[in-house]
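Chemist: Quick one: this structure, given as structure tokens, is what I'll be asking you about.
Please treat every number below as a calculation from the coordinates, not as lab data. In this text the structure is predicted, and so the values were computed from the model without any measurement. Cβ coordinates were reconstructed from backbone atoms using ideal geometry, including for glycine residues, and neighbour counts include every protein chain displayed.
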Amino acid sequence: MAKSVLHTSLCDDLGIEYPIFLAGMGVKGRATPPGLVAAVSNAGGMGILGCSWLDADEVRRRIRAVRNLTDKPFGVDLLLPASMVDATPDRVEMRARIERDFPKHVAFVRALMDKFGLTPVTAKGGVMSPEFIRAQVDVCLEERIAVFAAGLGDPSWVVPMAHQVGMKVMGLVGSVRGAERQAKSGVDYVIAQGYEAGGHTGKIANFPLIPTVVDAVAPVPVVAAGAIADGRTLVAGLALGAVGVWVGTAFLLAEESNIYPVHQEEIIRGNAEDFVVTRAYTGKTARDFDNAVIQAWETSDLKPLPMPLQGVLMDDFVAAADAAGRADLINNPVGQIGGMLKRRRPAREIMMSMVEEAEGVLDRLAAVRRK
Ligand SMILES: Cc1cc2nc3c(=O)[nH]c(=O)nc-3n(C[C@H](O)[C@H](O)[C@H](O)COP(=O)(O)O)c2cc1C
């Protein structure tokens, strides 16, 4: 079969058909379940398991679950925050620290619980801390997945170990300075993620960000992320100099996605301006569907706690909202392109319509040139 015109150098390097990644999306393991990761890899792209908030045992379990569904390459994404307060994986200890040092934040959450009539629930599981992250990374190295992707931070300590076992490393950034730091640390690909993107996001939009990063880190290849959801936006990413695209929001509406049905409905009815940037849930700027909790946070005079403390503070609230069936109060990270998406589809269909539309766009542009 003839190769698609979209088949870039990245495809040969990674052994895939199309230069399309399912972005690694954390959110407690709901956004990139093994079935979705495998579906994207089986369709010729590269599925990435978002494992940032999952403990090492769960990371291993999910890697093996993907292997049961595909023999194609796939990867894992973890958050490696460049700056983090001195934290331990012990949630009880972290919670006690917050109660002692940040009583106003604790009062804010209690007031929210009262306002929405929620019954207190204590969140379980470990806290993202250097020790927790090290154990996650060890599992990725032991399992020798094809690609290790680092969101938020500095993967320089992972790169030599990953290369030693034949893994490729990708580093996600939202600024040129961050991209230069990643390139220096030896990553194989820099993912440049614009302000439009869902989840943790920087301040620079894709049009200025991607070509500037491409120039700054050459010859390290760049993958474009943020607001890429159809053939037009895929071609735009490649036109800006990227060798592939990293797609998050569009796959949140995949039938294989496991996000709350209420969250899928929020995306379907949302317009671009409904996906706002807030520090309410994690302490770092993240783009989420606007909700009553974000509005309460933005009108409070509180400063976000440093990572991972804001997350620990909010986890109990999120657990209580979950138990009460109030997903509308739980963070729903979505990019601005969510405003364009109007229906759920199987992941393979999302991918193949991107590919076919992109090929059509390129034909159309070539035809204009021939006229
Ligand atoms: C629900 C959700 C969760 C995300 N979680 C992570 C994460 O855990 N690690 C990470 O590196 N990026 C995360 N991101 C960012 C994505 O990797 C990706 O860069 C982004 O989704 C691209 O923009 P788009 O949403 O407009 O496609 C998340 C994005 C979303 C929408």
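Chemist: Whole angstrom only: what separates the Cα centroid of the stretch 288-313 from the Cα centroid of the stretch 19-41?
Modeler: 26
Chemist: FRET efficiency for residue 96 and residue 359, Cβ-Cβ distance as r, R0 = 41 Å, nearest 0.05? Before the final figure, lay out each step's value.
Modeler: Values: r = 57 Å, r/R0 = 1.39.
Working from the Cβ atoms, E equals 0.10.
Chemist: Find out how many positive minus negative residues lie around residue 98, taking Lys and Arg as positive, Asp and Glu as negative, among other residues whose Cβ is under 14 Å from that of residue 98. Walk me through the numbers before you get to the answer.
Modeler: Values: positive: 91, 95, 97, 100, 104, 110, 303; negative: 86, 90, 93, 99, 101, 315, 316.
In short, 0.
Chemist: Okay, moving on. Subtracting the Cα-Cα distance from 0.36 nm times the residue separation, let me have the gained length for residue 114 to residue 296 in nm, one decimal. Write down the numbers at each step before the final one.
Modeler: Values: separation 182, 0.36 × 182 = 65.52 nm, distance 1.30 nm.
Contour length minus Cα-Cα distance gives 64.2 nm.
Chemist: When a/c is below 1.5 the answer is rounded, else prolate if a/b is larger than b/c, else oblate, so apply that to the stretch 248-336 with a ≥ b ≥ c taken from the square roots of the Cα gyration tensor eigenvalues. It would help to have the intermediate numbers written out before the result.
Modeler: Values: a/c = 1.79, a/b = 1.43, b/c = 1.26.
The shape class here is prolate.
Chemist: Taking the chain as a Gaussian network, Cα atoms linked when under 10 Å apart, which of 75, 202, 248 shows the biggest mean-square fluctuation?
Modeler: Taking springs between Cα atoms under 10 Å, the residue moving most is 202.
Chemist: Also, quick follow-up: How many angstrom lie between the Cα centre of the stretch 224-238 and the Cα centre of the stretch 159-184?
Modeler: Centre-to-centre (Cα) distance: 22 Å.
Chemist: With springs only between Cα atoms under 10 Å, which of 300, 175, 52 fluctuates most in a Gaussian network model of the chain?
Modeler: Largest GNM mean-square fluctuation: 300.
Chemist: In the chain, what % of DSSP beta bridges are antiparallel (nearest 5)?
Modeler: Details: 7 of 36 bridges.
Approximately 20 percent, going by the DSSP bridge assignments.
Chemist: Rounded to the nearest 0.05, what FRET efficiency do residue 272 and residue 239 have when you use their Cβ-Cβ distance and R0 = 30 Å? All intermediate terms of the calculation are to be shown ahead of the outcome.
Modeler: Working: r = 21 Å, r/R0 = 0.71.
Efficiency, rounded to the nearest 0.05: 0.90.
Chemist: When 157, 297, 53, 246 are ordered from fewest to most other Cβ atoms inside 10 Å of their Cβ, what list results? Mind showing how you got there, number by number?
Modeler: Working: 157 11, 297 19, 53 22, 246 28.
Least crowded to most crowded, the residues run 157, 297, 53, 246.
Chemist: First select every other residue whose beta carbon is under 14 angstrom from the beta carbon of residue 25; then total the charges, Lys and Arg +1, Asp and Glu -1.
Modeler: Numbers: positive: 28, 30, 62, 287; negative: 77, 256, 288.
Summing Lys and Arg as +1 and Asp and Glu as -1 gives +1.
Chemist: Counting other C-beta atoms within 10 Å, which of 124, 168 has the fewest, and how do the rest follow? Walk me through the intermediate numbers first.
Modeler: Working: 124 8, 168 20.
Placing the least packed residue first, the sequence is 124, 168.
Chemist: OK, next. Per DSSP helix of 4 or more residues, -39500 (n - 2.57); summed, then divided by the residues of the chain. What does that give at 222 nm, rounded to the nearest 500? Walk me through the numbers on the way to the answer.
Modeler: Numbers: 15 runs with 161 residues, N = 371.
It lands at -13000 deg cm²/dmol.
Chemist: Rounded to whole Å and sorted largest first, list the principal axis extents of the Cα atoms in the chain.
Modeler: Computed over the chain, the largest-to-smallest principal extents equal 67, 45, 39 Å.
Chemist: Looking at this model, which pairs from 124/203; 72/203; 115/303; 72/168 are more than 24 angstrom apart at the alpha-carbon?
Modeler: Numbers: 124/203 33 Å; 72/203 35 Å; 115/303 21 Å; 72/168 15 Å.
Over 24 Å apart, Cα to Cα: 124/203; 72/203.
Chemist: Would you mind ranking 7, 263, 105 so that the residue whose beta carbon has the fewest other beta carbons within 10 Å leads the list? If you can, show how the numbers build up before the last one.
Modeler: Working: 7 15, 263 24, 105 20.
Exposure proxy ranking, most exposed first: 7, 105, 263.
Chemist: Let me ask you something else. Considering the options 141, 164, 186, tell which one lies farthest towards the positive end of the dipole of the stretch 127-242, charges being +1 on Lys and Arg and -1 on Asp and Glu at the Cβ, about the Cα centre.
Modeler: Sorting the options by dipole projection puts first 186.
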